[in-house]
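The values are calculated or read from the model by the stated rules, or taken from the named source; none is laboratory data. All figures in this text were calculated on a predicted structure; none of them were measured in a lab. With ideal geometry, Cβ positions are generated from the backbone for all residues, glycine too; neighbour counts draw on all protein chains shown.
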Amino acid sequence: MFTYEEKVPLTILQLEALIRRLHPNHNKIPAIKDDYNNRLSGYRGEKSLQYYLSFLPKNYKIFYGLRLPDSEGRYFQMDILMVTPKYNVICEVKNHKGTLIFDQNVNQLIQDFNGKQMAYSDPIVQVLRQRIQFHSFLTKHKLPIAPTEILVIVSNPHTIIKMEPSNHPNANNIIRTESIPIKTEKFEVKYKKDLLTPTQIGKMARYFKKFHKPLQTNILQQYQISESEILPGVHCPECLTLSMKRSKGYWICHSCNYQSKDAHMDTLKDFALLFNRSITNKECRQFLQISSIKIATTILISLEVNQTGGKKNRAYDLMDLLK
Ligand SMILES: [Zn+2]
């Protein structure tokens, strides 16, 4: 089994950095923490699926969070894509708590939790659109197309599932996590013939890898937070305050006296997550709160990352630090 993009999604890391770098009393902190918790529970839901997916036959290739451009260049993201010799499956994972009502009449998903109702777009409509886009991607790159099934997986075992109307035409496509192996056995019976060879599946995997582009959002713009609201400085790994000062090659915490040689690494990661993928010497000094050009240069060179620009405007690529 081949897995892909299992690392923590970038948006979750960005939200963590944002919460770390805003004043604790900032008025947007509660909303940001809500979004963060929602994304984290969605991510955990997907992680918990991996146990059930491990029961699938070894020749199933499974891709997580694949984000590809369709034939018109519009990106679409699939929570899980399974490619097998006989068929493909696109899965949308829902981790909502409480009661989920799949309403076919008006194509919406309603969550009933703690006496509050929230409406979301219909995940069945979402995966049907993803299937059209997925097939257009395959056609564009002259890759083989096997029939593609769709599934909406409710990953929270305590969630109550309801259908509206009760004879929902897509009821068979909405399942709980533990039913995945049973469902795929049914697909195996439905699609008897092998349509894709291992070589063809390998080629598809290479194309997915080549065209996959993780969504990168400007998190400050999204929450309408100005750069000046982001607190600079180096966090102490021990007491988490922004109290570290550089002295004789070490970072020393002025709050708890903890010493570190590389506490600046997390600070530079925060810079990449919140501002820009590359950093100049001047930006580095400002964000790490140091005055010496020479020390900033030593730190930046020690990262051993790609550099662009000349002597005056040299920038250091920080993306490798996030990998
Ligand atoms: Zn400290």
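Mind counting the residues in the stretch 260-275 that are surrounded by fewer than 19 Cβ atoms within 10 Å (Cβ to Cβ) and either within 14 Å of T297 (Cβ to Cβ) or touching a helix residue (DSSP H, G or I) at 6+ places or on another chain (Cβ under 8 Å) (or both)?
Going through the stretch 260-275 one residue at a time, the tally reaches 3.
Could you list, in sequence order, the residues of the stretch 224-260 that are among the polar types (S, T, N, Q) and either within 15 Å of the ligand (Cβ to nearest atom) or in a loop (DSSP other than H, G, I, E, B) (or both)?
Within the stretch 224-260, Q224, S226, T241, S243, S247, S255, N257, Q259, S260 qualify.
The set of residues in the stretch 83-121 that are assigned to a strand (DSSP E or B) and without any contact (Cβ under 8 Å) to a residue 60 or more places away in the chain comprises Q108, L109, I110, Q111, D112, F113, K116, Q117, M118, A119, Y120, S121. All told, K210 falls short of being without any contact (Cβ under 8 Å) to a residue 60 or more places away in the chain and touching an Asp or Glu at 6+ places or on another chain (Cβ under 9 Å). Looking at K94, K86, K116, K140, just one residue is charged (D, E, K, R), at pLDDT 95 or above and farther than 23 Å from K58 by Cα, and that residue is K140.
Conditions (1) under 23 Å from Q104 (Cβ atoms); (2) at pLDDT 95 or above; (3) touching a His at 6+ places or on another chain (Cβ under 6 Å); (4) hydroxyl-bearing (S, T, Y), marked per residue:
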position	(1), (2), (3), (4)
I174	yes, yes, no, no
E178	no, no, no, no
F187	yes, yes, no, no
I201	no, yes, no, no
M204	no, yes, no, no
Y207	no, yes, yes, yes
P214	no, no, no, no
I225	no, yes, no, no
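Hey, can you tell me all the residues within the stretch 29-42 that are surrounded by 14 or more Cβ atoms within 10 Å (Cβ to Cβ) and at pLDDT 85 or above? Selection gives I29, I32, D35, Y36, R39, L40.
With the condition kept exactly as written, say whether any residue in the stretch 218-229 is over 30 Å from K28 (Cα atoms) and surrounded by 11 or more Cβ atoms within 10 Å (Cβ to Cβ). No: zero hits.
Can you work out which of the residues in the stretch 261-281 that are away from the ligand (no atom under 14 Å from the Cβ) and assigned to a loop (DSSP other than H, G, I, E, B) is nearest to R21 (Cα to Cα)? Step by step, filter the stretch 261-281, then rank; the result is F275. Please tell me if I153 is closer than 16 Å to I62 by Cα, in contact with a helix residue (DSSP H, G or I) (Cβ under 9 Å, 6 or more places away or on another chain) and touching a residue at least 12 places away in the same chain (Cβ under 8 Å). Here the answer is yes, as I153 does meet what is asked.
Within the stretch 285-294, if we keep just the residues that are closer than 24 Å to T217 by Cα and in contact with a strand residue (DSSP E or B) (Cβ under 8 Å, 6 or more places away or on another chain), the residue that is farthest from the ligand (Cβ to nearest atom) turns out to be F287.
Checking each residue in the stretch 50-92 for being acidic (D, E) and over 17 Å from the mean Cα position of the chain (by Cα) picks out D70, E72.
The residue that is farthest from Y87 (Cα to Cα), among those in the stretch 167-195 that are under 25 Å from the mean Cα position of the chain (by Cα) and outside any helix (DSSP H, G or I), is R176. Give me the residue from the stretch 156-185 that is in contact with a helix residue (DSSP H, G or I) (Cβ under 7 Å, 6 or more places away or on another chain) and aliphatic (A, V, I, L, M) and, out of that set, surrounded by the most Cβ atoms within 10 Å (Cβ to Cβ). Filtering first and then ranking leaves I180.
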